[in-house]
Amino acid sequence: LLCEFLLRLKAVGLVEGNTFDLPITQAEMADAIGTSAVHMNRIFQALRADGLIQTQGTQVTIPDWGKLTEAGDFDPLYLHLEGGQ
């Protein structure tokens with residue numbers, strides 16, 4: 001989901017570097033993907049601990065795009081965006 005957010009926001013010019021604003025709570029994100037807020041918090045903690053994301057307030061930074069896409073088995077081709085990343 002974070003990979004898709006980055007690419008979609010980049011396509012409309014709302015990404016600086018690999019940093020974007022994610023103005024939703026972990027509870028809202030958990031609801032969107034069908035998990036609990038506690039589990040979502042654990043997911044974010046694990047992503048930060050593995051160095052796959054950095055967060056500060058509502059800002060999310062993807063320090064290593066390749067590692068995150070590999071960890072999430074993400075393939076951007078279904079988005080049909082120009083260039084991908």
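The values are calculated or read from the model by the stated rules, or taken from the named source; none is laboratory data. Everything quoted here is computed from the prediction, not taken from an experiment. Cβ sites come from the backbone with ideal geometry, for glycine too, and all protein chains shown count toward neighbours. Side chains are part of the model used for accessible areas, which takes the heavy atoms of the whole protein and leaves out ligands, DNA and RNA. Shrake-Rupley method; radii C 1.70, N 1.55, O 1.52, S 1.80 Å.
Could you please find all residues in segment 30-42 being open to solvent by 40 Å² or more (accessible area, probe 1.4 Å) and not charged (D, E, K, R)? Scanning segment 30-42 gives A32, I33, G34, T35, S36, A37, V38, H39, N41. Of the residues L47, L52, L81, which is among the aliphatic types (A, V, I, L, M) and modelled with pLDDT under 95? Criteria check complete, one pass: L81.
Contact map, segment 1-29: residues that are under 12 Å from I62 (Cα atoms) and open to solvent by less than 40 Å² (accessible area, probe 1.4 Å) paired with residues that are hydroxyl-bearing (S, T, Y) and in a helix (DSSP H, G or I), Cβ distance under 9 Å, separation 6+ or inter-chain. Pairs shown: C3/T69. Can you pull out the residues in segment 3-52 that are under 22 Å from H80 (Cα atoms) and not aliphatic (A, V, I, L, M)? Residues satisfying the conditions are C3, E4, F5, R8, K10, G13, E16, G17, N18, T19, F20. Taking the criterion of being under 13 Å from the mean Cα position of the chain (by Cα), open to solvent by 60 Å² or more (accessible area, probe 1.4 Å) and of a type in the set (G, A, S), the only residue of segment 43-71 that qualifies is A71.
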